[in-house]
Amino acid sequence: MTTEATSEGLSNLLHEERTFPPSEAFAAQANGTAELFDRAAEDREGFWAEQARRYVRWETDFEQVLDWSEAPFAKWFVGGRLNACVNAVDRHVEEGNGDRVAIHWVGEPEGETRDITYSELHGMVQRAANALADLGVGEGDTVAIYLPMIPEAAVAMLACARLGAPHSVVFGGFSAEALHSRIDDAGAKVVITADGGYRRGKPSALKPAVDAALAVGESPVQKVLVVQRTGQDVEWDEARDVWWHEALEAADGTHEAHAFDAEHPLFILYTSGTTGKPKGIFHATGGYLVQTAYTNHVIHDVHPESDVYWCTADIGWVTGHSYIVYGPMTLGATQVMYEGTPDTPHQGRFWEIVQDKKVSILYTAPTAIRTFMKWGREIPDKYDMSSLRVLGSVGEPINPEAWMWYREVIGGDRCPIVDTWWQTETGAIMISPVPGVTPTRPGSAQHPIPGIDARVVDDLGQPVEKGSGGYLVITEPWPAMLRGIWGDPARYQETYWSRFEGMYFAGDGAKLDEDGNIWVLGRVDDVMNVSGHRLSTAEIESALVSHPKVAEAAVVGAADETTGQAICAFVILRQEAVAEADEQGEGGDLVAELRNHVAKEIGPIAKPRQIMIVAELPKTRSGKIMRRLLKDVAENREIGDVTTLADSSVMNMISEGLKQPS
Ligand code: 6R9
């Protein structure tokens, strides 16, 4: 692993000197304060104990803040008992805020909206919990959730949490194959899905993927609960399938929730690692809830009684878990949930929603911002966005140009931007400016938030000097940290805690600027970041190789103006297929066939932007594919050092013989 490649391209960013101090008016009302930094520096565990008691209702108070005696396996808030769903829903009703809107849901088809108050949500989660219990779901049973962006997705997650049944949400864009392996790995007893969802103006089916996923081998799944969203025809297995609306109607309307241990697993979420097999990251209840609520309050500056908050992530990603469901709902916030894409039915849809719902806090991804930039400022300029007061960014590095555009065009030059670095594994925000306290700097996530210790270190684990690059590590355990990889404790230790003694390292390179700001540069391993989605090169390579015409494949992430990185694949065909491709001329049909194959195996987001059919791949003498060189080709650069190649003529062959798809 080396940070060379990433830091070289971005070293120019470190000359960024613009800075935007908070306005006095903003600082005066901000939830974040300089004292939080002081308090955390003086007594870290004491600080977290205070946040835990401030943000979460414990049925039994904890006795110990942190047990790190079996590091890197942490226990936070030891002895504490709580129910995450009660914290996110019941509590607000009991405190007299039942009439507050929890979710302003906006469907993709125009004019289709639902406003759900905390009282209504309370009714829904109780019925859903009873319906799941009627299907045999109890404490410790896992439930897979495969739903579009509809309120039922949040209800399903909360109902599972209410029962102590860890949920495993699988992004609706994933294929039957991907769903199958995730269901099996988690041993899910029940799957919650929908007939379909709306995507770019059309209903798109979901249930057939579940049917296909369950048809392979012996499945642990006993029941499938189906939400009716589009009304399209579905195949039905009388013994297995149950309509959500019928089950909820038949279920009891009240459900008494029990408290679970702080360390009880709340959910599993699969994410790409450096090997082909996705990792089931699992999170515990107490620490996760504390840190998501605390960060949503202090970093997004959510004031639950007055703000309208909108996180545009899908619930199938960690950002949707932490900053649509658990963080904002634990605070009792009002939020927008949008079903569709930013350009359906027109490119101003996001800004129309901001205007109509008077959104005050917007949390989105750099890839979206760059897309809006490409569409032009005339579009957002047509809408009244004066309600906005905080803007957030997450998922990948945001380049200063996009940051400035976000600030000026969307934020009217008045809203602080929080560029938040974190991961599926960290569970909640770790590095970010604190709005109202930190003068912001375009393109940098800046500093660990109060309570978190992170550093940039060199190869030997020593802190780097200002102005230098290295690896981003976390030096102290934190409440929302992953508790492991589902079913594979050894892989947890090996993946995150073995590179640097006593420090957590999850694969990002970073630099410190002269002022001590952290610039996260991106992955230093074989994980790509496409539109903020993590995909491993190995995963896509194995999908390609599973096609009968493919002998070998190498995948790289090439820089892309809009999506951050784009997937480029180099493929060596099997002998029989070579002849066929030659007959077809440029191999156009074959390339399309391979792209669709990847979509089928993993999901449309994994479809390579480009597939190049080559005769050879560059390999070292030990047989490792030199992706660095392929990246040079994919990014149209001069090819770098080829001296470690087993056969140095291979790169010439590739450059000359490339058949680029049109
Ligand atoms: C929350 C989320 C994690 C990876 C992470 C890093 C990249 C996320 C970033 C960022 C630079 C930021 N990343 N936020 N890079 N600046 N503000 O995205 O989780 O899907 O697990 O991805 O995303 O490379 O390691 P996840």
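Check region 192-199 and report whether any residue there is under 23 Å from the mean Cα position of the chain (by Cα) and in a helix (DSSP H, G or I). Taking every residue of region 192-199 in turn, none turns out to be under 23 Å from the mean Cα position of the chain (by Cα) and in a helix (DSSP H, G or I).
Among the residues of region 112-150, count how many are under 21 Å from ALA313 (Cα atoms) and surrounded by fewer than 18 Cβ atoms within 10 Å (Cβ to Cβ). Residues in region 112-150 being under 21 Å from ALA313 (Cα atoms) and surrounded by fewer than 18 Cβ atoms within 10 Å (Cβ to Cβ): 4 in total.
Among the residues making up region 498-530, those that are more than 17 Å from ASP453 (Cα to Cα) and either surrounded by fewer than 20 Cβ atoms within 10 Å (Cβ to Cβ) or aromatic (Phe, Trp, Tyr) (or both) are SER498, ARG499, GLU514, ASP515, ASP525. The condition (being more than 14 Å from the ligand (Cβ to nearest atom), under 20 Å from PRO604 (Cα atoms), of a type in the set (Asp, Glu) and not in a strand (DSSP E or B)) is satisfied by just one residue among GLU541, GLU501, GLU514: GLU541. Since PHE372 meets every condition but one in (1) modelled with pLDDT under 95; (2) within 13 Å of the ligand (Cβ to nearest atom), which condition does it not meet? Answer for PHE372: the failing condition is (2). Name every residue in region 378-400 that is within 15 Å of the ligand (Cβ to nearest atom) and open to solvent by 30 Å² or more (accessible area, probe 1.4 Å), in order of residue number. GLY395, PRO397, ASN399 - these are the residues of region 378-400 that are within 15 Å of the ligand (Cβ to nearest atom) and open to solvent by 30 Å² or more (accessible area, probe 1.4 Å). Just a yes or no: is a residue in region 635-654 at pLDDT 85 or above, surrounded by 12 or more Cβ atoms within 10 Å (Cβ to Cβ) and in contact with a helix residue (DSSP H, G or I) (Cβ under 8 Å, 6 or more places away or on another chain)? No, every residue in region 635-654 fails to be at pLDDT 85 or above, surrounded by 12 or more Cβ atoms within 10 Å (Cβ to Cβ) and in contact with a helix residue (DSSP H, G or I) (Cβ under 8 Å, 6 or more places away or on another chain). Yes or no: THR440 hydroxyl-bearing (Ser, Thr, Tyr) and within 9 Å of the ligand (Cβ to nearest atom)? No; evaluated as a whole, the condition is false for this residue.
The values are calculated or read from the model by the stated rules, or taken from the named source; none is laboratory data. Nothing here was measured: the structure is a model prediction, and the numbers come from that model. Every residue, glycine as well, gets a Cβ built from its backbone with ideal geometry; the counts of neighbours run over all protein chains shown. Surface accessibility is based on the protein's heavy atoms, side chains included, excluding ligands, DNA and RNA. Shrake-Rupley method; radii C 1.70, N 1.55, O 1.52, S 1.80 Å.
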